[in-house]
């Protein structure tokens, strides 16, 4: 299969089940909203070494937020409900409570499984915190130095999918970076998905395991142009660079759509091939075959 001049390799991306939470963060203006989101999602790239995989899902208009201010939906993915709750609790206290003007709301109010938000951070109020129920949802008002930090008492937890991916192979670094940016920008419009790595891109695509026993993952040498000729390479002969795009989402359908949209946007001149990362089906139960997701999208 080809998209214009780009070969779509007949392979699959291997993904796995994760749990996730979704918060709606609001702020006084775009500057403080951006600061809050960047801080809360920072160091949230891979559960290999981070407490959660985190990222911006989408902006939320002021007429769609609980307090009528501009907002953003952010998502946090982890291997268990307990892991997500711990990561969100820490990031809430360290990044969102501290950022001027922010408020935090549950983005999954219908979820049966819950994790604490205000019920966790309210103790910072040192006894001066106050609780209020509005339309059946409980909020905490925590006194801080710019007024009050408004935060919903709890947030929902759901099952999701992590590790959807595709590998952009370019003739030059410039062509590869431009293609990755096209792909990531296109994915940003797909609801229920995030690309948790820096700028949505992973130059250090990995494989499971290592010759060093302490490491869970190590460089995917088959796609490293620096090792071409020294190892069994899976790069297209015309490729001089390869960068991965990783996607987490609320469902198989959301991840598949994001992959299809991203691949179509990334393909084009200077990109001889797009492939995907998998481990022979040993890592996760979800398989996203590139040809299938493109046909079905």
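Only helical DSSP H runs with n ≥ 4 go in: add -39500 (n - 2.57) per run for the chain, normalise by residue count and round the 222 nm mean residue ellipticity to 500 deg cm²/dmol.
Rounded to the nearest 500, it is -6500 deg cm²/dmol.
If you take Rg and Dmax of the Cα atoms in Å from the coordinates, which of [x] 19.5, 63; [y] 17.9, 62; [z] 20.5, 66 do you get?
Answer by label: [z].
Taking the chain as the reference, fit the longest principal axis to its C-alpha atoms, fit the long axis of helix 30-41 to the helix C-alpha atoms, and give the angle between the two in degrees, 0 to 90, nearest 10.
70
So how tilted is helix 173-187 from the main axis of the chain? Cα-based, degrees 0 to 90, rounded to 10.
Once rounded, the angle reads 50 degrees.
Taking the alpha-carbon centroid of each part, what is the distance from segment 116-155 to segment 1-75 in angstrom?
Cα centres, segment 116-155 to segment 1-75: 24 Å.
Could you tell me the relative contact order of the chain? Use alpha-carbon pairs under 8 Å, at least six residues apart, and round to a whole percent.
27
Apply the Debye scattering formula to segment 19-158, with a single equal point scatterer on each alpha-carbon and no solvent, then give log10 I(q)/I(0) at q = 0.08, 0.13, 0.16 Å⁻¹.
The computed values of log10 I(q)/I(0) come out as -0.18, -0.49, -0.75.
Output the 0 to 90 degree angle, nearest 10, between the alpha-carbon long axis of helix 252-266 and the longest principal axis computed from the alpha carbons of the chain.
Approximately 60 degrees, to the nearest 10.
The numbers here are math on the coordinates, done by the rules we state, and not lab data. No experiment lies behind these values; they were computed from the predicted model shown.
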